[in-house]
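Right, one structure below, let's go through it.
The values are calculated or read from the model by the stated rules, or taken from the named source; none is laboratory data. The model shown is predicted, which means the values in this text are computed figures rather than measured ones. Cβ placement follows ideal geometry from the backbone for every residue including glycine, while neighbour counts extend to all protein chains displayed.
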Amino acid sequence: MEEAIIIEKSVIIVAVFAITMLFAMYCTLAERKIAAWIQDRRGPNRAGPGGMLQPLADGLKLFAKEEFMPNTPNTFLFVLGPFISMTMALMTSAVIPWGDTLEIAGRKVILQAADINVAMLYVFAVLSVSVYGIMIGGWASNNKYSLISAMRVASQMISYEIAMGLSIVAILMMHSSMSLREIAAGQHEMHWNIFYQPLGFFIFLICSFAETNRTPFDLAECEQELIGGYHTEYSSMRMGFFLFAEYAAMFISSTLLAVLYLGAYNYPGMTWAAENWGENTANIIGIAVLFIKICFFIFLYMWVRWTIPRFRYDQLMNLGWKTLIPLAILNIVVTAVVLLLNR
Amino acid sequence: MSIQNTSLSGRKKQVSNKEMTLGERLYIGAIAGGMATTFKHLFKKKVTINYPEETRPFSPVYRGQHMLMRDEEGRERCTACGLCALSCPAEAITMKAAERKPEEKHLYREEKYAEIYEINMLRCIYCGLCEEACPKQAIYLTKSKKIVKADTNREHFIFGKEQLVMPLDQAIQNTAKSE
């Protein structure tokens with residue numbers, strides 16, 4: 001029995017890791033393609049059919065580049081930066097429920113690497129640590145642009161994590177649980193959180209953009225002012241790790257959005273499908289549905305990036321502290337009142 | 001209507017400095033509008049041309065590589081009078097004349113022809129004065145629809161008759177068309 005659990009979890013971990021990597025890889029291509037389409041261009045179409053091998057070519061190029069080391073006293077931290085970014089981007093995926101249970105050889109397999117009861121806290125802890133990658137990297141680069149970028153990231157992350165955390169509190173109150181599995185299960189059929197918490201969803205979405213350093217909150221790497229920001233001094237695969245971590249973080253953040261607000265693996269007619277086609281089929285469709293939702297959010301990230309220009313720094317801070325945090329608190333109060341009245 | 005308010009294009013908009021309303025300050029409408037615009041562009045026709053496979057059509061008056069023309073019987077029109085070389089402001093054209101032999105009547109239109117005809121494509125400024133000067137309508141810059149390709153060797157830019165004279169199959173096609 002013990003061995004079965006070890007095998008089962010190992011398979012899930014490897015699969016989740018591989019899927020995250022694959023998604024991050026193809027996100028780079030999707031970003032370039034969508035950017036091109038929005039600008040009436042074609043996008044990369046030379047490497048493989050329709051440019052499908054472009055991510056491999058990009059990776060190969062990065063591997064072949066010289067590993068440049070700036071004149072910095074902190075070589076250890078310099079190497080550590082991208083490493084932290086990457087690790088933290090991948091760690092969140094451990095608690096995400098990728099689907100309901102599957103019955104394989106008489107065993108109920110939970111499609112989750114770790115079903116811990118403080119999953120939400122874990123997610124926020126990991127998110128908070130992930131800023132260290134950029135901060136340490138930017139600081140160890142011994143470059144003024146990198147340092148400015150690192151400081152910007154730090155203050156931006158702190159500002160938006162508060163609003164993000166507060167917007168989640170309303171959901172925790174509704175489901176009275178911190179386990180992502182229970183939150184996902186609580187949104188069965190069409191009882192998605194987005195219909196009960198539209199304001200919370202909106203706040204969480206905006207904060208997700210800020211947390212992943214995506215436009216319009218990409219002040220950390222604005223090319224015009226900071227020549228790339230924290231990865232100015234990076235080259236070769238270390239730079240690749242930074243860029244790759246951004247896309248991995250985007251994938252994970254899209255997954256979180258889908259799980260928390262868009263009903264995770266739930267879809268209308270799931271109970272009907274389970275009764276008529278069997279539990280396993282219904283749950284496999286659920287996994288596909290979750291990935292469709294994830295893809296939608298990834299597309300949204302890219303769509304917004306090529307639509308909205310970057311915020312100015314004071315606007316960013318104003319939005320975070322003066323708009324989103326009061327709105328999030330208001331959301332908590334309203335949710336609390338409604339929950340109390342309905343009891 | 002005063003002159004300040006007339007708009008011939010119909011797109012003129014008066015700019016105002018008024019305070020924004022709460023709805024405008026939320027920017028949600030503006031963002032949604034922007035997103036709709038970019039979404040429409042996703043499905044628009046792409047303007048990119050897949051270069052090596054596709055090429056943009058030349059304008060009918062585009063002056064590219066020169067072509068020494070053949071007449072409808074496939075004979076070279078050039079009579080090596082040298083007016084093109086004389087008119088050339090860049091001194092790009094040189095030639096050497098030769099007399100046509102009786103058995104070469106099917107090759108050359110006039111009794112005198114250019115044995116050697118060279119254009120230095122690095123000197124040429126593609127002004128088209130040679131075309132204007134030619135009394136026999138023998139040289140054109142608009143017919144070949146070719147651009148002189150880049151090269152690393154200067155010698156390769158001196159184009160002789162083998163590059164300049166109209167290819168025979170093109171002459172055959174022209175004759176077929178005129179008949």
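What's the number of the only condition in (1) away from chain B (no Cβ under 14 Å); (2) closer than 13 Å to A:ALA163 by Cβ that A:CYS295 fails to meet?
Only one criterion is unmet by A:CYS295, namely (2).
Any residue in the stretch B:125-136 that is of a type outside the set (Val, Ile, Thr) and more than 16 Å from B:LEU83 (Cβ to Cβ)?
Within the stretch B:125-136 (the criterion being of a type outside the set (Val, Ile, Thr) and more than 16 Å from B:LEU83 (Cβ to Cβ)), the answer is yes, since at least one residue qualifies.
Can A:GLY59 be described as buried (at least 21 other Cβ atoms within 10 Å of the Cβ) and in contact (Cβ under 8 Å) with a residue 60 or more places away in the chain?
no
For the stretch B:48-56, check the following and say yes or no: at least one residue is within 23 Å of B:LYS145 (Cα to Cα), in a helix (DSSP H, G or I) and not small (Gly, Ala, Ser).
no
Condition first: modelled with pLDDT under 90 and under 22 Å from the mean Cα position of the chain (by Cα). Can you find one or more residues in the stretch A:65-81 that meet it?
yes
Looking at (1) surrounded by fewer than 10 Cβ atoms within 10 Å (Cβ to Cβ); (2) within 14 Å of another protein chain (Cβ to nearest Cβ); (3) more than 35 Å from the chain's Cα centre (by Cα), which one does B:VAL15 not meet, given that it meets all the others?
All conditions are met except number (2).
How many of the residues making up the stretch A:29-56 are surrounded by 18 or more Cβ atoms within 10 Å (Cβ to Cβ), aliphatic (A, V, I, L, M) and more than 14 Å from chain B (Cβ to nearest Cβ)?
Residues in the stretch A:29-56 being surrounded by 18 or more Cβ atoms within 10 Å (Cβ to Cβ), aliphatic (A, V, I, L, M) and more than 14 Å from chain B (Cβ to nearest Cβ): 1 in total.
Please tell me if B:ILE125 is away from chain A (no Cβ under 14 Å), more than 30 Å from A:ASP40 (Cβ to Cβ), of a type outside the set (Asp, Glu) and assigned to a strand (DSSP E or B).
It is false that B:ILE125 is away from chain A (no Cβ under 14 Å), more than 30 Å from A:ASP40 (Cβ to Cβ), of a type outside the set (Asp, Glu) and assigned to a strand (DSSP E or B).
Does the stretch B:58-81 hold any residues that are outside any loop (DSSP other than H, G, I, E, B) and under 15 Å from B:SER178 (Cβ atoms), and which are they?
If the condition is that a residue be outside any loop (DSSP other than H, G, I, E, B) and under 15 Å from B:SER178 (Cβ atoms), then B:ARG70 is the only one that fits.
What helices (runs of 4 or more DSSP H) lie completely within the stretch A:231-335 and have 2 or more residues being touching an Asp or Glu at 6+ places or on another chain (Cβ under 6 Å)?
Helices (runs of 4 or more DSSP H) meeting the threshold: A:279-305.
May I ask you to say which residue of B:ARG63, B:ARG75, B:ARG25 is without any contact (Cβ under 8 Å) to a residue 60 or more places away in the chain and under 30 Å from B:LYS136 (Cβ atoms)?
Within the list B:ARG63, B:ARG75, B:ARG25, the selection yields B:ARG75.
Scan the stretch A:173-206 for residues that are of a type outside the set (A, V, I, L, M, F, W, C), in contact (Cβ under 8 Å) with a residue 60 or more places away in the chain and farther than 18 Å from A:ALA163 by Cα and jot them down.
Passing the criteria: A:SER177, A:SER179, A:ARG181, A:GLN187, A:HIS188, A:GLU189, A:HIS191.
I want to confirm something. Restricting to the stretch B:50-94 and keeping residues that are surrounded by 18 or more Cβ atoms within 10 Å (Cβ to Cβ) and of a type in the set (S, T, N, Q), which single residue is farthest from A:ALA36 (Cα to Cα)?
B:THR79
Kindly establish whether B:ILE31 is within 14 Å of chain A (Cβ to nearest Cβ), within 30 Å of B:GLN173 (Cβ to Cβ) and either small (Gly, Ala, Ser) or surrounded by fewer than 18 Cβ atoms within 10 Å (Cβ to Cβ) (or both).
For B:ILE31, the condition - within 14 Å of chain A (Cβ to nearest Cβ), within 30 Å of B:GLN173 (Cβ to Cβ) and either small (Gly, Ala, Ser) or surrounded by fewer than 18 Cβ atoms within 10 Å (Cβ to Cβ) (or both) - is not met.
Across the stretch B:40-50, what is the total count of residues that are at the interface with chain A (Cβ under 7 Å from one of its Cβ atoms) and not polar (S, T, N, Q)?
5
Select, from B:GLU72, B:GLU24, B:GLU53, B:GLU76, the only residue that is over 30 Å from B:ALA171 (Cβ atoms) and more than 10 Å from every other protein chain (Cβ to nearest Cβ).
Answer to the check: B:GLU24.
Being within 24 Å of the chain's Cα centre (by Cα), surrounded by 16 or more Cβ atoms within 10 Å (Cβ to Cβ), of a type in the set (Ser, Thr, Tyr) and within 30 Å of A:THR72 (Cα to Cα) narrows it down to one residue among A:TYR132, A:TYR122, A:TYR145; which is it?
None of the other options fit; the residue is A:TYR132.
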